[in-house]
Amino acid sequence: MKNAGRRPLYHFTPPVGWMNDPNGMVYADGWYHLFYQYNPYGTAPGPMHWGHARSRDLLAWEHLPIALYPDEEGMIFSGSCVMDEENLSGWGEGGRPAMIAMYTCHDPETNRETQCLAYSTDYVGFRKYEGNPVIVDESRQDFRDPKMFYNPAHGSWSVALAAGGEVLFYETHDFRHWDQTGSFPIGANGLEGICECPDCFCLDGKWVLVVSVIVGSGEGGAAGAAGDAGVAGDAGAATDAGAATVAGAIGSAFREGQHVTEYYIGEFDGDTFREGGSTQGHGAQLLTYGYDCYAPVTFANAKESVLMGWGNSWEYAGEFINGSYNGQMTLAQRLRIVQAADGPRLLHEPILPQGVGRFTIDAGRLLGGEGQVFPIGGCFVLEITGIDAARSPIGVRLSNDQGEEYVFESRETYYLSDRTRSTGKGAVHAVEYGLVKAPRTKSTCAAGDKLVACYDSSRGQAMLEIYADGGLTPIMVQLRPSSPFSQMGVRALA
């Protein structure tokens, strides 16, 4: 994939046009297939298609022809793909299983949303099912984003479907006929709002439900449901006094209309997801901190649970137009479940580029006020070990000759990400979007006091992904300095 202009080097970007949610991610014939919400005609949302690319290693991507085009029924909104290995649909040909896509058809005039199917046996060109739509509910608005998955309890296929303030579950034995089996209301244990892009999958003997949410006007769910989940703070957050917890109720830590992704760990009984189950669940948890990861889902048919998200934010996506394109994905991340101090948590292991600059720092060897300075450029990986053994908090500063800077701090009980001085342009540097505070998470993981960060930049446009607490606390940050950051300083804070 060519990376002309201000493109990151290893984060997927569309060839031209607008891109948002990842769709239909599936592994087939040794390739990871990525579909995505795509408007090829401009750098803002428009008539949505499914763009298509594939990769062997989740870092180098090959663009493929557009997979699905809008039609007289409407635009092609988000959805998923699975491999019909048993040919339940009858659409397989020549011994090749059909790749089946379920997507939301959105009528822009009426906002009616229905679920439709398409299929392919060459995994490039798709044929829409003549019996579409296959799931209809005229009583509902915001009825979209189907994520299909295998149902081991019934030996069938299920789909998780966003429906206002709940996730609905449907089941099929032939992909053409679907029956509702259950529902899961998100507000009972997490954020109240409009669900988007759910994902339900089995991991390490448990089930995980990931839900992206447009935050509603209520106070959210149960008190403390996602811990002290302060996404944004104020200017005082950089001080110990400002590090106090933002609020008990998860909803009060967010603004109405904000886009947030949360997850639950529990059980899927064949009909519906049940939070907790044998895990004695602890309510919703934030999947990532910051603003620059939304609508993430996992690859179907892969041996591991691998997740990717849209590396942008609806709060300011219009400000990140880069010549002929707008939008990027996060790095792919392997997921597993580990036991944290207050319950099971998802741990993210990023798939990192090889052959790039790499800096390794032992925080325990840094003395107060002392530090190291490194020249940087392009893409690099930073690893900081021994954070718990450090004699004082650790600070990382990226800077350029224009006086712009990005600052990250590891404090005793929280992390601080501050891009408020990284650029003078747009809302991205405003306090409400630029300052992120993430609570530290303790676990039994051997690498729990390690931090890994990947900085991916070309001509200044950059994506910084920080995986703190050994991967339990991911923080995603877009950066757009007026000129590329050229220096990194790491030091112990006085």
Do we find a residue being on the phi > 0 side of the Ramachandran plot, under 24 Å from the mean Cα position of the chain (by Cα) and touching a residue at least 12 places away in the same chain (Cβ under 8 Å) anywhere in region 175-188? no
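So, of the residues in region 10-37 that are farther than 23 Å from Ile351 by Cβ and of a type outside the set (Gly, Ala, Ser), which turns out to be surrounded by the most Cβ atoms within 10 Å (Cβ to Cβ)? Explain how you work it out, then say what you get.
In the first step, residues of region 10-37 are kept if they are farther than 23 Å from Ile351 by Cβ; the result is 16-18.
Filter once more, keeping what is of a type outside the set (Gly, Ala, Ser): 16, 18.
Values: Val16: 16, Trp18: 23.
Ranking the qualifying residues of region 10-37, first place goes to Trp18.
Can you tell me how many residues within region 415-426 are in a loop (DSSP other than H, G, I, E, B) and of a type outside the set (Lys, Arg)? Outline the logic, then answer.
Of all residues in region 415-426, those in a loop (DSSP other than H, G, I, E, B) come to 419-426.
Within this subset, residues satisfying the condition of being of a type outside the set (Lys, Arg) are 420, 422-424, 426.
The qualifying residues number 5.
I'd like the full set of residues that are assigned to a loop (DSSP other than H, G, I, E, B) and either modelled with pLDDT under 95 or within 10 Å of Asp271 (Cα to Cα) (or both), limited to region 150-162. Please lay out each step first, then the result.
Pass one, region 150-162, residues assigned to a loop (DSSP other than H, G, I, E, B): 152-155.
Within region 150-162, Ala153, His154 qualify.
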Counting only residues that are under 29 Å from Glu130 (Cβ atoms), give me the strands (runs of 3 or more DSSP E) lying completely in region 163-218 with at least 1 of them. 166-172, 179-185, 193-203
Between Gly42, Gly74, Gly90, Gly51, which is more than 23 Å from the chain's Cα centre (by Cα) and under 24 Å from Tyr27 (Cβ atoms)? Gly90
Suppose we filter region 427-460 for residues that are surrounded by fewer than 23 Cβ atoms within 10 Å (Cβ to Cβ), modelled with pLDDT of 90 or more and among the charged types (D, E, K, R); how many remain? 2
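Quick grid of which residues meet (1) more than 20 Å from Gly311 (Cα to Cα); (2) among the small types (Gly, Ala, Ser); (3) within 20 Å of the chain's Cα centre (by Cα):
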site	(1), (2), (3)
Asp456	no, no, yes
Ala462	no, yes, yes
Glu465	no, no, yes
Asp469	yes, no, yes
Thr473	no, no, yes
Val477	no, no, yes
Pro481	no, no, no
Ser486	yes, yes, no
Leu493	yes, no, no
Just to be sure I understand, how many residues within region 307-321 are surrounded by 19 or more Cβ atoms within 10 Å (Cβ to Cβ) and either over 23 Å from Arg480 (Cα atoms) or more than 17 Å from the chain's Cα centre (by Cα) (or both)? 2
Selected residue (criterion: modelled with the highest pLDDT) from residues of region 278-294 that are surrounded by fewer than 23 Cβ atoms within 10 Å (Cβ to Cβ) and on the phi > 0 side of the Ramachandran plot: Gly283
At pLDDT 90 or above, within 24 Å of Tyr291 (Cβ to Cβ) and out of contact with any helix residue (DSSP H, G or I) (no Cβ under 7 Å at 6 or more places or on another chain), is that true of Leu398? yes
Phe126 vs (1) of a type outside the set (Lys, Arg); (2) surrounded by fewer than 18 Cβ atoms within 10 Å (Cβ to Cβ); (3) within 27 Å of the chain's Cα centre (by Cα): all pass except (2)
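What are the residues in region 55-69 that are in contact (Cβ under 8 Å) with a residue 60 or more places away in the chain and of a type in the set (D, E, K, R), if any? Break it down into steps so the answer makes sense when it comes.
Of the residues in region 55-69, the ones in contact (Cβ under 8 Å) with a residue 60 or more places away in the chain are 57-59, 61-65, 68.
If the condition is that a residue be in contact (Cβ under 8 Å) with a residue 60 or more places away in the chain and of a type in the set (D, E, K, R), then Asp57, Glu62 are the ones that fit.
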So Gly5 ticks every box in (1) on the phi < 0 side of the Ramachandran plot; (2) modelled with pLDDT under 95 but one. Which box is left unticked? (1)
Within region 264-277, which residues are buried (at least 19 other Cβ atoms within 10 Å of the Cβ) and modelled with pLDDT under 95? Glu275
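The values are calculated or read from the model by the stated rules, or taken from the named source; none is laboratory data. As the structure is a prediction and not an experimental result, all values here were calculated from the model. We place every Cβ from the backbone using ideal geometry, glycine too, and count neighbours over all the protein chains shown.
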